[in-house]
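Colleague: Please read through the structure below; I'll follow up with questions.
The values are calculated or read from the model by the stated rules, or taken from the named source; none is laboratory data. Small disclaimer: the values here were computed from a predicted structure and weren't measured. Using ideal geometry, Cβ is built from the backbone for each residue, glycine included, and neighbour counts are taken over all protein chains shown. These accessible areas exclude ligands, DNA and RNA; they are computed on the full protein's heavy atoms, side chains included. Shrake-Rupley method; radii C 1.70, N 1.55, O 1.52, S 1.80 Å.
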Amino acid sequence: MIEKSKKISEFLVCEHKNNKRFKNLTGDLKPESIPEAYMAQHYFHESAGRGSLGGYKIALSSKIQQQHHNINQPLIGGLFKSEILFGPQVLERNKYKGLGIEIELAFQLSNKIREFNRKICLGDLEKIIAKVFPAIELVEDREANYSGLDPLSLICDNAWSGGLVLGEEILDWDKVNFSNLYSKVVWNDENETSAPVMDADPFNNLCWLLNDVKSRNKPLEEGMIVITGSVLQIRPGLTGDKVVHKIGQGNAASIRLK
């Protein structure tokens, strides 16, 4: 399994460098199991040339998405530290083969994460979470055809992690009633759209992700950033787009694509 996983990662690194369109892995490169796919992702992290991991992202977090792709759990990808940015950011659209924009809540881990050698539960999160931010995820889907997407191929390709832009910290997050919070998004000159932050089930997803990462012996370190699913449907990011994600009265994350 190790040799095959290395071959998969080598193939994907080459595809990225040559700006190839995403396609499901086939033949000798087709992963046969979730563990094999995550092993390939591990080698991708090591050989992609994008630096060390600074956190993790979740993909296919909703039950509807999972049913559509015939899986029974979300998927996880790594966020490279060099690609976690604080907004506002002006980004070059042509750096991405295919770019999707997702509206996220981001959690920064505290030093308490080191203390947990058992399963993490909701009641542990007050200790584990150091900071909370509104965020905009950059999804590098490499112009994929979403119809017929193979989830195991998606895992191998690092769940299309393309980076993250953080807004201002939500102060005293542990005193905030998240059930009353909305993610408000303004896209160019369009009318504002909004959705309840809790629609993405961020805290339960955070527990699941942390436990899954721990089970695979991947690093969980103080300062890492974790995102847990978009509250709004993914949208393509086009040259000239300006996107602002605001929670509450402030705390905005924003990007402009040039």
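Colleague: Using a simple charge model, +1 on the beta-carbon of Lys and Arg, -1 on the beta-carbon of Asp and Glu, nothing else, what dipole does the range 158-258 show about its Cα centre, in debye to the nearest 20?
Modeller: 300
Colleague: Could you please put THR228, THR193, THR239 in sequence from largest to smallest accessible area, using a 1.4 Å probe?
Modeller: Of THR228, THR193, THR239, the descending order of accessible area is THR239, THR193, THR228.
Colleague: Rank these residues by their accessible area, most exposed first, probe 1.4 Å: ASP241, ASP172, ASP28.
Modeller: Result, largest first: ASP28, ASP172, ASP241.
Colleague: At a probe radius of 1.4 Å, what is the per-residue accessible area of LEU91, in Å² to the nearest 10?
Modeller: 20
Colleague: On a 19 Å Cα-Cα criterion, which of the cross-link pairs LYS63/LYS175; LYS81/LYS131; LYS20/LYS97; LYS57/LYS81 come out too long?
Modeller: Result: LYS63/LYS175 exceed 19 Å.
Colleague: Also, quick follow-up: Compute the signed sum of charges (Lys and Arg +1, Asp and Glu -1) over the other residues within less than 10 Å, Cβ to Cβ, of ALA40.
Modeller: 0
Colleague: Which residue, chosen from ASN191, ILE255, GLY229, occupies the Cα position most advanced towards the positive end of the dipole of the range 142-258, where the dipole is computed from +1 (Lys, Arg) and -1 (Asp, Glu) charges on Cβ about the Cα centre?
Modeller: Farthest along the dipole direction, towards plus: ILE255.
Colleague: Here's a follow-up. With unit charges on the beta carbon (Lys/Arg positive, Asp/Glu negative), name the residue among LEU99, LEU149, PRO88 whose Cα is farthest towards the positive pole of the charge dipole of the range 46-189.
Modeller: LEU149
Colleague: Just reorder VAL132, VAL231, VAL90 by solvent-accessible area, largest first, 1.4 Å probe, all chains present.
Modeller: VAL90, VAL231, VAL132
Colleague: Another question, if that's okay. Based on the Cβ-Cβ distance of ARG21 and GLU115, what FRET efficiency does E = 1/(1 + (r/R0)^6) give at R0 = 51 Å, to the nearest 0.05?
Modeller: Taking R0 as 51 Å, the efficiency between ARG21 and GLU115 is 0.70.
Colleague: Using a 1.4 Å probe on the protein chains only, how many percent of the accessible area of the range 94-242 belongs to carbon and sulfur?
Modeller: 44
Colleague: Figure the gain on full extension for GLN89 and LYS63 (residue separation times 0.36 nm, minus the Cα-Cα span) and round it to one decimal in nm.
Modeller: My answer for the length gained is 6.1 nm.
Colleague: Please give the Cα centre distance for the range 209-258 versus the range 86-128, rounded to the nearest Å.
Modeller: Distance between centres, Cα-based: 6 Å.
Colleague: With +1 assigned to the C-beta of every Lys and Arg and -1 to the C-beta of every Asp and Glu, and no other charges, what is the dipole magnitude of the chain about the Cα centre in debye, to the nearest 20?
Modeller: Charge dipole, the chain, about its Cα centre: 440 debye, nearest 20.
Colleague: Then there is this: Roll a 1.4 Å probe over the protein heavy atoms and report the accessible area of ILE234 in Å², nearest 10.
Modeller: Approximately 50 Å² for this residue.
Colleague: Would you mind classifying the range 21-139 by shape? Square roots of the alpha carbon gyration tensor eigenvalues, ordered a ≥ b ≥ c; an a/c under 1.5 is rounded, otherwise it is prolate if a/b is larger than b/c and oblate if not.
Modeller: Oblate.
Colleague: A further question follows. Using a 1.4 Å probe on the protein heavy atoms only, what accessible surface does LYS23 show? Give it in Å² to the nearest 10.
Modeller: My reading of the accessible area for LYS23 is about 110 Å².
Colleague: May I ask you to give the solvent-accessible area per residue for the chain, in square angstrom, as obtained with a 1.4 angstrom probe?
Modeller: 49
Colleague: Another question, then. What percent antiparallel are the DSSP beta bridges of the chain, to the nearest 5?
Modeller: Expressed as a percentage, antiparallel bridges in the chain total about 80.
Colleague: Per the helix-only calculation at 222 nm, which mean residue ellipticity applies to the chain, given -39500 (n - 2.57) for every DSSP H run of n ≥ 4 and division by its residues, nearest 500 deg cm²/dmol?
Modeller: One gets -7000 deg cm²/dmol as the mean residue ellipticity at 222 nm.
Colleague: Could you run the Karplus curve 6.51 cos²θ - 1.76 cosθ + 1.60 with θ = phi - 60° over the range 151-157 and give me ³J(HN,Hα) per residue in whole Hz, x for Gly and Pro?
Modeller: Per residue, the Karplus-derived 3J(HN,Hα) values read x, 5, 5, 5, 4, 4, 8 Hz.
Colleague: For Cα Rg over 2.2 N^0.38 Å, one of [x] 1.14; [y] 2.13; [z] 0.97 was computed from the structure I shared and the rest are decoys. Which label?
Modeller: Matching the structure shown: [z].
Colleague: Which one, GLN89, GLN233, GLN73, has the greatest fluctuation when you compute a Gaussian network model over the chain with C-alpha springs under 10 angstrom?
Modeller: GLN233
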